[in-house]
Amino acid sequence: MTEQRRLITEIIRETPGHMTAEQIYMLAKAQMPCIAMGTVYRNLGLMEQSGEIRRIPIAGAPDRYDRNVKFHEHMLCRQCGGLEDVWMGDLLDVMNGMAGVQIDSYELALYGICTECRKAAAAAAEI
């Protein structure tokens with residue numbers, strides 16, 4: 001494993017949330033000034049292909065990367081842009097039973113307001 005790959009892996013494992021490639025690049029560049037954006041993209045692609053991380057495509061925004069590769073859904077907050085994990089049970093099994101075909105993966109876009117934004121709105125309403 002190259003030093004660049006080791007650094008990118010460390011950043012993904014130790015930083016909470018779902019970062020964009022640019023966010024990962026900025027954190028990597030702070031520790032390794034000679035790293036290139038192309039190196040980050042290339043390594044993220046290799047890590048996705050090997051199943052180490054999951055790429056989360058977001059319409060109209062940069063893809064995000066998730067260190068948790070267990071199948072689960074995500075919700076994008078319409079106010080802060082944060083991305084949260086959402087666990088909807090064994091949705092794949094339910095869909096397979098309903099569809100009568102073998103579905104092995106899916107992308108489900110969930111949009112709403114995250115817990116923190118809802119708390120902030122509630123606090124502002126009390127003032």
### Task
Note the full-extension length gain between A124 and A30 as 0.36 nm times their separation in residues minus their Cα-Cα distance, in nm to one decimal.
30.2 nm
### Query
Along the charge dipole of the chain, Cβ charges K/R +1 and D/E -1, which of I8, I53, I113 sits furthest on the positive end?
I8
### Task
Give me the accessible area per residue for the chain, probe 1.4 Å, as a whole number in Å².
64 Å²
## Note on the structure
Heavy-atom accessible area with a 1.4 angstrom probe orders T2, T20, most exposed first, as T2, T20
### Message
From the protein chains alone at 1.4 Å, what is the descending order of accessible area for C114, C34, C80, largest first?
### Response
C34, C80, C114
## Note on the structure
Karplus-derived 3J(HN,Hα) from phi for the stretch 12-24 (6.51 cos²θ - 1.76 cosθ + 1.60, θ = phi - 60°), whole Hz, x at Gly and Pro, runs 5, 5, 9, 9, x, x, 10, 8, 7, 4, 5, 5, 4
#### Entry: Given charges at beta-carbon only (K, R positive; D, E negative), |dipole| of the chain in Debye
380 debye
#### Entry: D (Stokes-Einstein, µm²/s), Kirkwood Cα radius, the chain, 1.002 mPa s at 20 °C
129 µm²/s
### Task
Report in % the part of the accessible area of the chain that belongs to carbon and sulfur, leaving out ligands and nucleic acids; probe 1.4 Å.
55 percent
### Query
With charges only on Cβ, +1 for K and R and -1 for D and E, what is the dipole size of the stretch 50-93 about its Cα centre, in debye, rounded to 20?
200 debye
### Message
How far apart, in nanometres, would the label points at Y41 and E3 be if each is projected 7 angstrom from Cα along the Cα-to-Cβ direction?
### Response
2.4 nm
### Message
I want the antiparallel fraction of DSSP beta bridges within the chain, as a percent rounded to 5.
### Response
70 percent
### Message
Run the helix sum for the chain: -39,500 (n - 2.57) per DSSP H stretch of 4+ residues, divided by residue count, reported at 222 nm to the nearest 500 deg cm²/dmol.
### Response
-13500 deg cm²/dmol
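The values are calculated or read from the model by the stated rules, or taken from the named source; none is laboratory data. Here the structure is a predicted model, which means the values were calculated and not measured. We place every Cβ from the backbone using ideal geometry, glycine too, and count neighbours over all the protein chains shown. Accessible surface areas use protein heavy atoms only, side chains included; no ligands, DNA or RNA. Shrake-Rupley method; radii C 1.70, N 1.55, O 1.52, S 1.80 Å.
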